[in-house]
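Undergrad: Encoded as structure tokens, here's the structure I'll be asking about.
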Amino acid sequence: MMAYADKPLLIVIDDLDKINDEKASVDLFIQRAMAWIRLPCAIVATMPVDMYFHDRAREIDNIWGEVSILDPLDTPGEAAELTDPALSFYLSLMKEIGGEKYFSAKQINRLARASGGIVRDFVHLCALSVNYVLDTGESHVKDWHIEAVERALSEKFQSRLDDNDYATIEKIVSKQGNAKAGAQLIRSGALLCKRDESKQRVYQVHPLVEKIVNHYLSRQKTLQYLTDEDKMT
């Protein structure tokens, strides 16, 4: 391919999180590694590699060298200034496609926070909001369009999660559970992996899932209260 193009070759393998079969992962990144590393390529992932390869993670490191993990971007605070770096990225991204004509800066801020720092989710939220605009015949995005989109995506998460998932999320976020137990939750985007100030991995619930998890915790407290009442009587 390099000889044919007469140019340096760069191969990008996207959507690693779609490789859910561990045998396929081992075949691709271990058994065929010698073929890959003849090219100037490396593994770049958007979640901890051990979530993909479990006990083969060290072998992956030995073969490939340093594996790059792309963490979610910073998200702006609710009252962030337009010059806030965490917000300015999303503003510039929207400006590149002329989106500032249809979204206010405040709405872009809200969508950025709802995305959890996942650019793909931000783009998806924006696209769905525009669909609502087209369906209702409006000329620009209104706050209720965004509310409807957030609610729809939260309900989509809810349809794929159950109480066991909520319990796992709560344990991992509160550092009381093993992060490997949440591998599928990270793949689905319900659980996010970020870095704290000391560059240590911390896990956070996706903003669109947070309300659902809070409802679960509220139900558990109510159930525990009723159980304690029964014991007392």
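The values are calculated or read from the model by the stated rules, or taken from the named source; none is laboratory data. Just so it is clear, the model here is predicted, and its values are computed rather than measured. All Cβ positions, even for glycine, are placed from backbone atoms using ideal geometry, and neighbour counts span all protein chains on display. Accessible surface areas use protein heavy atoms only, side chains included; no ligands, DNA or RNA. Shrake-Rupley method; radii C 1.70, N 1.55, O 1.52, S 1.80 Å.
Undergrad: Is any residue of the stretch 149-190 close enough, with backbone N under 20 Å, to a label point placed 7 angstrom from the Cα of N131 along the Cα-Cβ axis, and if so, which?
TA: Answer for the stretch 149-190: 149-161, 188-190.
Undergrad: Take L70, project a point 7 Å from its Cα along the Cβ direction, then tell me which residues of the stretch 87-127 have their backbone nitrogen under 12 Å from it.
TA: 118-121
Undergrad: Quick one: how many lysine pairs does the stretch 5-149 have with C-alpha atoms less than 26 Å apart and a gap of 8 or more or different chains? Give me the count, please.
TA: Going through the stretch 5-149 pair by pair, I get 4.
Undergrad: Can you give the calculated 222 nm mean residue ellipticity of the chain, where each DSSP H run of n ≥ 4 adds -39,500 (n - 2.57) and the sum is split over every residue, rounded to the nearest 500 deg cm²/dmol?
TA: -16500 deg cm²/dmol
Undergrad: Also: Quick check on the chain: take the gyration tensor over C-alpha atoms, sort the square-rooted eigenvalues as a ≥ b ≥ c, and tell me if it's rounded (a/c under 1.5), prolate or oblate.
TA: Here the chain falls in the oblate category.
Undergrad: Between D15 and N214, what is the FRET efficiency for a Förster distance of 41 Å, r being their Cβ-Cβ separation, to the nearest 0.05?
TA: 0.85
Undergrad: Between the stretch 55-117 and the stretch 140-178, how far is it from one alpha carbon centroid to the other, in angstrom?
TA: Here the answer is 18 Å between Cα centres.
Undergrad: Also, I was wondering about something else. What list of ³J(HN,Hα) values in whole Hz, one per residue of the stretch 61-78 in order, does the Karplus curve 6.51 cos²θ - 1.76 cosθ + 1.60 (θ = phi - 60°) give from phi, with Gly and Pro shown as x?
TA: 4, 5, 7, 9, x, 5, 9, 8, 10, 8, 7, x, 6, 5, 10, x, x, 4
Undergrad: Which is the longest stretch in the chain that no exposed loop site breaks, taking sites as GluC sites (Glu not before Pro) with a DSSP loop state and at most 16 other Cβ atoms within 10 Å?
TA: In the chain, the maximal stretch lacking such sites is 1-65.
Undergrad: Of all the stretches in the chain, which is the longest one without any exposed loop site, taking trypsin sites (Lys or Arg not before Pro) in a DSSP loop (any state but H, G, I, E, B) with at most 14 other Cβ atoms within 10 Å?
TA: Of all site-free stretches, the longest is 39-174.
Undergrad: Tell me whether the stretch 22-153 comes out rounded, prolate or oblate; compute the Cα gyration tensor, take square roots of the eigenvalues as a ≥ b ≥ c, and use a/c under 1.5 as the rounded threshold.
TA: prolate
Undergrad: Report C126's accessible area, 1.4 Å probe, all protein chains in place, as a number in Å² to the nearest 10.
TA: 10
Undergrad: Work out from phi, with θ = phi - 60° and the Karplus expression 6.51 cos²θ - 1.76 cosθ + 1.60, the ³J(HN,Hα) of each residue of the stretch 153-161, listed in order in whole Hz, and give x for Gly and Pro.
TA: 3J(HN,Hα) across the stretch 153-161, in whole Hz: 6, 5, 5, 5, 4, 4, 5, 9, 10.
Undergrad: Sticking with this one: List every residue whose amide H lies under 5 Å from the amide H of A45, counting only residues 5 or more places away in sequence or on a different chain, with H placed 1.01 Å from N in the peptide plane.
TA: Result for A45 returns S68, I69, L70.
Undergrad: Which of the listed residues, H145, I212, C193, is farthest toward the dipole's positive end in the chain, when Lys, Arg count +1 and Asp, Glu count -1 at the beta-carbon?
TA: Going by the Cα projections, it comes out as C193.
Undergrad: Also, quick follow-up: Treating the stretch 10-82 as a set of equal point scatterers at the Cα positions, no solvent, please give the Debye-formula log₁₀ I(q)/I(0) at q = 0.11, 0.12, 0.18, 0.20 Å⁻¹.
TA: Here log10 of I(q) over I(0) equals -0.34, -0.39, -0.71, -0.84.
Undergrad: Collect residues whose amide H, placed 1.01 Å from N in the peptide plane, falls under 5 Å from the amide H of L192; neighbours closer than 5 in sequence don't count.
TA: HN-HN under 5 Å from L192: Q204, V205, H206.
Undergrad: Keeping all protein chains in position, work out how much accessible area M94 exposes to a 1.4 Å probe, and write it in Å² to the nearest 10.
TA: The accessible area of M94 comes to roughly 10 Å².
Undergrad: Which number comes out as Rg/Rh for the stretch 182-233 once both Rg and the Kirkwood Rh are worked out on C-alpha atoms?
TA: Ratio of gyration radius to Kirkwood radius for the stretch 182-233: 1.22.
Undergrad: Extension gain W36-Q200, at 0.36 nm per residue separation less the Cα-Cα distance, in nm?
TA: In short, 56.1 nm is gained.
Undergrad: Another question, if that's okay. Please state the charge dipole magnitude for the stretch 19-147, taken about the Cα centre, from unit charges on C-beta atoms (+1 on K and R, -1 on D and E), reported in debye and rounded to the nearest 20.
TA: Dipole about the Cα centre, nearest 20: 320 debye.
Undergrad: Can you list the HN-Hα couplings for the stretch 123-138, worked out from phi with the Karplus curve (6.51, -1.76, 1.60; θ = phi - 60°), rounded to whole Hz and with x for Gly and Pro?
TA: Result, ordered by residue: 4, 5, 4, 5, 4, 5, 4, 5, 4, 5, 4, 5, 5, 9, x, 7 Hz.
Undergrad: A further question follows. Output the Cα-based Rg and Dmax of the stretch 133-233 in Å, rounding Rg to one decimal and Dmax to a whole number.
TA: 17.7, 61
Undergrad: Between L223 and Q158, what is 0.36 nm times their sequence separation minus the Cα-Cα distance? Round to one decimal in nm.
TA: Stretched fully, the L223-Q158 segment lengthens by 21.4 nm.
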